[in-house]
1. Using the structure shown, decide if residue 463 is of a type in the set (Ser, Thr, Tyr), buried (at least 24 other Cβ atoms within 10 Å of the Cβ) and at pLDDT 95 or above.
2. Would you point out the residue of the stretch 343-366, among those that are buried (at least 17 other Cβ atoms within 10 Å of the Cβ) and modelled with pLDDT under 95, that is nearest to the chain's Cα centre (by Cα)?
3. Going through the stretch 304-333 one residue at a time, which ones are part of a helix (DSSP H, G or I), surrounded by fewer than 23 Cβ atoms within 10 Å (Cβ to Cβ) and touching a residue at least 40 places away in the same chain (Cβ under 8 Å)?
4. Suppose we filter 215, 191, 207 for residues that are closer than 30 Å to residue 503 by Cβ, in contact with a Gly (Cβ under 7 Å, 6 or more places away or on another chain) and surrounded by 24 or more Cβ atoms within 10 Å (Cβ to Cβ); which single one remains?
5. How do the pairs read when you match residues in the stretch 371-389 that are in the same structural domain as residue 358 (by TED's automatic domain parsing) and outside any helix (DSSP H, G or I) with residues anywhere that are surrounded by 13 or more Cβ atoms within 10 Å (Cβ to Cβ) and acidic (Asp, Glu), using Cβ under 8 Å and keeping only pairs 6 or more apart or on different chains?
6. Step by step: first the residues of the stretch 51-63, then only those that are of a type outside the set (Gly, Ala, Ser) and at pLDDT 75 or above, then the one that is surrounded by the most Cβ atoms within 10 Å (Cβ to Cβ). Which residue is that?
7. Residue check, residue 488 against (1) part of a loop (DSSP other than H, G, I, E, B); (2) surrounded by 12 or more Cβ atoms within 10 Å (Cβ to Cβ), all met but one. Which one?
Amino acid sequence: MNIVLDGNSLSIEQIVAIARQHAPVSLDPAARQKVQRSRDFLEKCVRDGIAIYGVTTGIGELARVRISPEQSAELSRRIIYSHSAGTGNPFPEDAVRAAMLLRANVLAKGCSGVRTSLLDTVIEMINKGVVPWIQEKGSLGVSGDLSPMSQFAEVAIGEGKAYYKGELLPGGEAMRRAGVMPTDLTFKEGLGLINGSQMMTGGAALLVYDAERVLKNAVIAAAMTLDALRAVEHAFDPRIHRARPYPGQNAIAANLVKLFAGSQIMADKTGKVQDGYSMRCTPQALGPSFDTLEHVRKVVNIEVNSAADNPLFFPDEQQYFAAGNFHGQPIGMVVDFLCIALAEAADISERHTNRLLNPVLSSLPDFLVTGNGLNSGLMVAQYTAAALVSENKVLSHPASVDSISVSADQEDHVSMGPIAVRKCGEILRNVRAVLAIEMLCAAQAMDFYKDKDGRPKRPGKGTAVAHDLIREKVPFMENDRVLHPDIEAVRQLVESNTILDAVEKTVGPLLLARDVELPGPNVAY
C-alpha cells in the first residue's frame, strides 16, 4: 500500500502503517508543484532584498540581525547545530518515523519555501529505513520540536546518528548504506526541517491509535467483571442511554450487552435491585473516555495536515508571513485530556478488581482462592493495580498549564506538549497492566460458577472468548503461586490486541463514540 502525501489528507491509520509497518510513501505530483511554486517565490523575495525571518535574518531574539544571501547555507547548518541540544533516552523508532513523515507532510503543503529535493530526501530516508537517533527530552513544544527535529536534520545532512537495519551508526554511514544522498542546505531549509510540532504530533497520533484499542480492551475487561459478578442487566438497557445521548456512553452500553449476551453466569439471578456505582455506571463513567478520544483524534488530524512552520509563503498572493503556526498548544492540551481519559479507564478497572476480590461484595471466595488462611490468592495483584492507578493520578497533572520563557523572552509562552505526550505513553502502559489484572481476576471468578451437575457455567458470547484466551496462558489458581508471570502473560494479550481481535471476530466490531448515531444533542465528529 503506497501512501501519497499531499499535505492535506494524511490519516492516523496511515501514520501507523508507515511508522510501524513500513508502508512506502510518495509525493503527490500536485503537491510537488505547490512546493516548487513556494520555493520560486522565496527565491524572488531573496533577490529583491526582502528581510525574511530565518532566511535573511537570524532567528529567535536574533531576528533583528540581517544575513546576506551568501550566508544562507551556513545559517541553516548552524541553526541545526545550535538547536540540537536534547538529552535523555532515545525515542522509539516508530515515533521517529512518524515525526519524519509528518514533517514531510508539512513540507508537501507548499507553504514552507523549501526545495523539492529536500522533501525527496526526507521521503527517501523514510522509505529506505534510515531512522535518526533522537533524544526524548529538550523540546518545549513551541517554535517546533526544535531539539528533537534538529537531531533528525543532522542525519538528513549526513551527520548525527541513525539506526539502519537495527544498527546504530554515524548518520552519514547510515545514509550511505541505505543509498540516500544527504541534502545540502540553502535558504530557509534549516528551519524547514525543524520548525514544527511533528515530534509530539507523531507521538500523539500513535497514542490515539493505541488508546482506541486500550479503551476497547477496557470495555472487555468491564464486561468480564460484570458477567462474573452477575450484574443487574437492566442498567445497560439502550433506552436508558438514549435518554442521555452521549455517544461514548451509548457505545459502551451497547458493547457490554453484546459482550455478555447469553451468559449462563448472569442468568443466575441474585435478587439484587441494583449494583454499586463502578458496575452500574460503567457506561456513564467510561463513556467520557470514549468521547474524549474522539475529540483528541479530531485535533490530531487537524495538526497532522497543517502548515506547522514559520515563516510561511503564499505564492499565489505573492505574500509571506512570519507568525506562530509552530506553537504546540493544541496538541499539548488534548494529550493532557487524553491522559485523564486513560487514567480514568484504569481507575474504574481497579474498582472492578476490588469488587471481584472482596467476598462481601462478590459472594465469592476471599481473594478468589479457596483454602484462605494459607492462600492469599490474587490479593496483592490489586495492590499493583492500586499503585499504577495512583501513579497515573500524578502523571495526569496537565503539562500544558506550565510555561517557561526562553530566547531572551522572545519566546515567552511555550506548550510543554512533548511532556504531555511522554507521560501519556507511560499512563497508557500502566492502563494495560491494570486491565490485565482485572481480566485475570474476572477469569478466576468465572471459574467458580458451576451448574447443578458440577459443570462450568459459560460466560457471555464475548466474555467467554476473553476467558478462554486467558486460560490458554494462565491456569486456574488452586493455591498461591508467583503472580507476576500471570499478570505479564495477560498484559501481553492486551498489548498485542490478541483478546480484542478474537472478541471482535466473534461478536463483531466494538463501537466507538463516532460509530453511534443518536437523535438530539449529538456531537458531530
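The values are calculated or read from the model by the stated rules, or taken from the named source; none is laboratory data. Keep in mind that what you see is a predicted model, and the values were worked out from it rather than measured. Here the Cβ positions follow ideal geometry from the backbone for every residue, glycine too, while neighbour counts run over all protein chains shown.
1. Values: of a type in the set (Ser, Thr, Tyr): yes; buried (at least 24 other Cβ atoms within 10 Å of the Cβ): yes; at pLDDT 95 or above: yes.
When the stated conditions are applied, residue 463 passes them.
2. If we take residues in the stretch 343-366 being buried (at least 17 other Cβ atoms within 10 Å of the Cβ) and modelled with pLDDT under 95, then 362 is nearest to the chain's Cα centre (by Cα).
3. Our first condition is that a residue be part of a helix (DSSP H, G or I); within the stretch 304-333, this holds for 304, 329-333.
This time we only want the ones that are surrounded by fewer than 23 Cβ atoms within 10 Å (Cβ to Cβ), so: 329-330, 333.
Once the filter is applied, which keeps residues that are part of a helix (DSSP H, G or I), surrounded by fewer than 23 Cβ atoms within 10 Å (Cβ to Cβ) and touching a residue at least 40 places away in the same chain (Cβ under 8 Å), the stretch 304-333 yields 329, 333.
4. Numbers: 215 fails: in contact with a Gly (Cβ under 7 Å, 6 or more places away or on another chain); 191 fails: closer than 30 Å to residue 503 by Cβ.
Answer to the selection: 207.
5. 372/366; 374/480; 375/480; 376/480; 377/366; 377/480
6. So the first thing to find is which residues in the stretch 51-63 are of a type outside the set (Gly, Ala, Ser), and the list is 52-53, 55-57, 59, 61-62.
In the following step, the residues that additionally are at pLDDT 75 or above were identified as 52-53, 55-57.
Values: 52: 18, 53: 18, 55: 29, 56: 21, 57: 16.
Taking the candidates together, the pick is 55.
7. With respect to (1) part of a loop (DSSP other than H, G, I, E, B); (2) surrounded by 12 or more Cβ atoms within 10 Å (Cβ to Cβ), residue 488 is out only on (1).
Here's the yes/no breakdown for (1) within 30 Å of residue 71 (Cβ to Cβ); (2) assigned by TED's automatic domain parsing to the domain that holds residue 134; (3) within 23 Å of the chain's Cα centre (by Cα):
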position: 172; (1), (2), (3): yes, yes, no
position: 189; (1), (2), (3): yes, yes, no
position: 192; (1), (2), (3): yes, yes, no
position: 209; (1), (2), (3): no, no, yes
position: 213; (1), (2), (3): no, no, yes
position: 222; (1), (2), (3): no, no, yes
position: 227; (1), (2), (3): no, no, no
position: 238; (1), (2), (3): no, no, no
position: 241; (1), (2), (3): no, no, no
